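S.K.: There's a structure below that I have some questions on.
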Number of protein chains: 2
Amino acid sequence: MRKMGIKDIAALSGVSPATVSRTLRNPELVNKDTRKKVMKAVKESGYRPNRFGSSLRTRQSGNIVVVMPDITHQVNAGIIRAIESEAQKHGYSVLLGDTQGLIERERHYADMVNSGQADGILLFTPRLPFDVDPDQPLLKQLPPLVSGNETIPVEGLCRVSVNNTAGARAATEYLLSLGHRRIAAVLGASDAPSNQERLDGYHQAMDEAGLQVDPQWIVAGDYSTDSGMAAMEKLLKLRQRPTAVFCFNDDMAIGALNVLHQYGFAIPQDISVMGFDDIRYAALMRPALTTIHQPLEDIGRAAMQLLLEQLNGRQPKNNYVELPFELIVRQSTGPVPLQGESE
Amino acid sequence: MRKMGIKDIAALSGVSPATVSRTLRNPELVNKDTRKKVMKAVKESGYRPNRFGSSLRTRQSGNIVVVMPDITHQVNAGIIRAIESEAQKHGYSVLLGDTQGLIERERHYADMVNSGQADGILLFTPRLPFDVDPDQPLLKQLPPLVSGNETIPVEGLCRVSVNNTAGARAATEYLLSLGHRRIAAVLGASDAPSNQERLDGYHQAMDEAGLQVDPQWIVAGDYSTDSGMAAMEKLLKLRQRPTAVFCFNDDMAIGALNVLHQYGFAIPQDISVMGFDDIRYAALMRPALTTIHQPLEDIGRAAMQLLLEQLNGRQPKNNYVELPFELIVRQSTGPVPLQGESE
DNA sequence: CTGAAAGCGCTTACAG
DNA sequence: CTGAAAGCGCTTACAG
């Protein structure tokens, strides 16, 4: 039993291939009775239009590609899941582009749009992996594209994210409100826009509180748990230890928590720890992690919706969608310890 | 600047489209100098062959589809990442099929193979979402397919997983070796083959130790953290409490840990908790979770390799790949408490 | 409302 | 080693 083609269905239902095609794509153009005959043949034969035949004609693949550095991170996984759901709802399939942080892979996935394999691209990486002519307007040279999370700051580019600066500021202000003054910051990946934005937020809050930031309180990290551990080790060695540590994501905060336990510190009595993201396991830590919640589903859905608008030929009126974060207070943060205040 | 086609490149390099095609697909068939001319034109123009033109001719999409119930679960995410990496290495792209546990979505993704949108399918769900004629040999009716993790037990079907039974048995034996006799089991999703397999392993170990299993020790769950919490609550209400709890995955174990903390139990002094999977956060819990490690990368790679063999027209000699699990002893398990032994 | 025909961009058996 | 030609399965402007 060879695979059915549109001609087979046409023969089966006694119409032309054109009419079969119309019945499937634009039923309103077809007489009701004809339609019925065709649908019957389609049903009985289990016919599925070959995607490539149609893609070749219509020049639409029905695919989009999602590019992320690491899909095993909760944040990315949550977002792509929402994207996929929304994409499916609108008839699009999702090609997975896990770059493992490699630029050549970013380009590989970008090529899928160039080769017509995908109609649009969702970028959760901090770079534009396209060759562009610097003399031409940039936007005109790009395919339908949305930048999410690690939002690429290009004028007019469609972007979706929480306000990282405001989020980090809220986190820092919360720690300040608990009486903390010596608040350390553990940074994320240095090439990530989100990292710079969160750092800005931290500094804004500290400035406004009239506090001088000791450079030793700012410790490098890369958003990994290991880097959170290393950063915490470093902070513990300082002569004047911070009383609170704001890690720029939950994974690092979880690393910090582990180091503190290892050295026998009580959290939050001795030292407060705060994260960012609100991954699923944040609430399950001991103590449960205070953090800034990111609405992953909303981010994914909004990104897909922005892309859909472009795919439908509309330039979205609002090209930057900022989604609300939320301060989630749990048990890893508490009032500044007494000696911390006075010291 | 319209998109370049193969004819454009042919014109640019002064050869026929056929030769351009050969240069790109079977360079060894083409004279070296001709090849050079063509490659030069390809480079300069940035030409990418249109995937649909070629797919239509060759009847190969170059895509595979991966079907999983929930990509936000660490286990699935780790596996799909390895799949993607291996797929890319061999020129395949990965279509993401997150089913959210819905059968209609499983069928939707299965349809991608039927419509030629994907050449093969990797199934991490416990069902075959294909219509088959029960009078015909099953395998002949299926596309290139590999079943992973929730391995569908069909004779001859390509499958990849750890030996869940042996893993659960090793876990239970380990708890027995610590002196535990009242060992509870918190079950996973009831429709998951892995759940039944792990339950078998648990029973095997208990039987061989000559222990009667109190039915109350077997508590339903669904692999979610919440279900782990509910199960633990239930177990704590038993007149004769178990001294060890073997949760059939880490998420449930983490839930159990939280409930125990909440009620003030010391782990493992009062009660031991064990998981299965060894997700990234297992090691980061307090106490760190003793568990059975699954080699996610190996599973993903092996699954893809089995699929590749089929895609290349070979029926793999070995249609079941069993990967080694590993008992990871951490701090959530310890010797049976004294009163537990005597009671 | 329906059909015949052209053509999307590629590949490959065939001929030379 | 290379080219001309046919055709993969579909869609759609055109004609009726």
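The values are calculated or read from the model by the stated rules, or taken from the named source; none is laboratory data. Just so we're clear, the structure is a prediction, and the values are computed from it rather than from any experiment. Cβ atoms come from the backbone with ideal geometry, glycine included; neighbour counts cover every protein chain shown. Please note that ligands, DNA and RNA were not included when accessible areas were found on the heavy atoms of the full protein model with its side chains. Shrake-Rupley method; radii C 1.70, N 1.55, O 1.52, S 1.80 Å.
S.K.: Can you name the strands (runs of 3 or more DSSP E) wholly within the range A:59-134 that have at least 3 residues being without any contact (Cβ under 8 Å) to a residue 40 or more places away in the chain, touching a helix residue (DSSP H, G or I) at 6+ places or on another chain (Cβ under 7 Å) and within 7 Å of another protein chain (Cβ to nearest Cβ)?
M.R.: By residue number, A:93-98.
S.K.: Can you name every residue in the range A:1-14 that is more than 7 Å from DNA strand D (Cβ to nearest atom), surrounded by fewer than 20 Cβ atoms within 10 Å (Cβ to Cβ) and more than 14 Å from chain B (Cβ to nearest Cβ)?
M.R.: Hits for the range A:1-14 are A:8, A:10, A:11, A:12, A:14.
S.K.: Can residue A:93 be described as under 23 Å from residue B:65 (Cβ atoms), open to solvent by less than 30 Å² (accessible area, probe 1.4 Å) and within 16 Å of DNA strand C (Cβ to nearest atom)?
M.R.: In short, no.
S.K.: When you check residue A:69 against the structure, is it near DNA strand D (Cβ under 7 Å from one of its atoms) and either crowded, with 17+ Cβ neighbours inside 10 Å or at positive phi (or both), yes or no?
M.R.: In short, no.
S.K.: Let me ask something else. Spot the failing condition for residue A:110; the list is (1) open to solvent by less than 20 Å² (accessible area, probe 1.4 Å); (2) within 16 Å of DNA strand C (Cβ to nearest atom), and only one is missed.
M.R.: (2)
S.K.: Same structure, new question: Give me the residue from the range B:43-58 that is open to solvent by less than 30 Å² (accessible area, probe 1.4 Å) and either assigned to a loop (DSSP other than H, G, I, E, B) or of a type in the set (S, T, N, Q) (or both) and, out of that set, nearest to the other protein chains (Cβ to nearest Cβ).
M.R.: Ranking the candidates gives B:55 first.
S.K.: Right, here's the next one. What number of residues within the range A:293-322 satisfy the criterion of being under 26 Å from residue B:226 (Cα atoms) and either in contact with a Lys or Arg (Cβ under 9 Å, 6 or more places away or on another chain) or modelled with pLDDT under 95 (or both)?
M.R.: Of the residues in that region, 3 qualify.
S.K.: Pick from A:336, A:329: which is closer than 20 Å to residue A:275 by Cα and surrounded by fewer than 15 Cβ atoms within 10 Å (Cβ to Cβ)?
M.R.: Only one candidate passes the filter, namely A:329.
S.K.: So, residue A:36, is that one surrounded by fewer than 21 Cβ atoms within 10 Å (Cβ to Cβ), more than 20 Å from residue B:99 (Cβ to Cβ), more than 13 Å from every other protein chain (Cβ to nearest Cβ) and more than 16 Å from DNA strand D (Cβ to nearest atom) or not?
M.R.: It is true that residue A:36 is surrounded by fewer than 21 Cβ atoms within 10 Å (Cβ to Cβ), more than 20 Å from residue B:99 (Cβ to Cβ), more than 13 Å from every other protein chain (Cβ to nearest Cβ) and more than 16 Å from DNA strand D (Cβ to nearest atom).
S.K.: Moving on to the next point. Among (1) open to solvent by 60 Å² or more (accessible area, probe 1.4 Å); (2) touching a helix residue (DSSP H, G or I) at 6+ places or on another chain (Cβ under 6 Å), there is one condition residue A:31 misses while meeting the rest; what is its number?
M.R.: The single condition residue A:31 does not satisfy is (2).
S.K.: Now a separate question. Mind checking which residues of the range A:1-42 are outside any helix (DSSP H, G or I) and farther than 27 Å from residue B:130 by Cβ?
M.R.: A:14, A:15, A:16, A:26, A:30, A:31, listed by residue number.
S.K.: Being basic (Lys, Arg) and over 23 Å from residue B:161 (Cα atoms) is the filter here, so list the residues in the range B:181-212 that pass it.
M.R.: Listed by number, the residues that qualify are B:181, B:182.
S.K.: Report, by residue number, each residue of the range B:289-319 that is within 13 Å of chain A (Cβ to nearest Cβ) and open to solvent by 10 Å² or more (accessible area, probe 1.4 Å).
M.R.: Matches in the range B:289-319: B:296, B:297.
S.K.: Can you name the condition, by its number, that residue B:276 falls short on among (1) among the hydrophobic types (A, V, I, L, M, F, W, C); (2) more than 13 Å from chain A (Cβ to nearest Cβ); (3) within 30 Å of residue B:60 (Cβ to Cβ)?
M.R.: The failed condition is (3).
S.K.: Continuing with this model, one more query. Identify all residues within the range A:209-238 that are in a loop (DSSP other than H, G, I, E, B) and buried (at least 24 other Cβ atoms within 10 Å of the Cβ); write none if there are none.
M.R.: Residues satisfying the conditions are A:221, A:223.
S.K.: Also, I was wondering about something else. Could you figure out which of (1) assigned by TED's automatic domain parsing to the domain that holds residue B:180; (2) over 24 Å from residue B:193 (Cα atoms) isn't true of residue B:311?
M.R.: Here residue B:311 clears every test but (1).
S.K.: For the range B:17-28, which positions are free of Cβ contacts under 8 Å to residues at least 12 places away in the same chain and either surrounded by 15 or more Cβ atoms within 10 Å (Cβ to Cβ) or over 24 Å from residue A:59 (Cα atoms) (or both)?
M.R.: The answer is B:22, B:26, B:27, B:28.
S.K.: Has the range B:239-258 got at least one residue that is part of a loop (DSSP other than H, G, I, E, B) and either surrounded by fewer than 17 Cβ atoms within 10 Å (Cβ to Cβ) or not assigned by TED's automatic domain parsing to the domain that holds residue B:175 (or both)?
M.R.: yes
S.K.: Sticking with this structure for a sec: Need the failing condition index for residue B:61 against (1) surrounded by fewer than 20 Cβ atoms within 10 Å (Cβ to Cβ); (2) under 21 Å from residue A:52 (Cα atoms), just the number.
M.R.: Evaluating residue B:61 over (1) surrounded by fewer than 20 Cβ atoms within 10 Å (Cβ to Cβ); (2) under 21 Å from residue A:52 (Cα atoms) leaves (1) as the failure.
S.K.: Would you check which residues across the range A:232-254 are more than 13 Å from chain B (Cβ to nearest Cβ) and within 25 Å of the chain's Cα centre (by Cα) and list them?
M.R.: A:245, A:246, A:247, A:248, A:249
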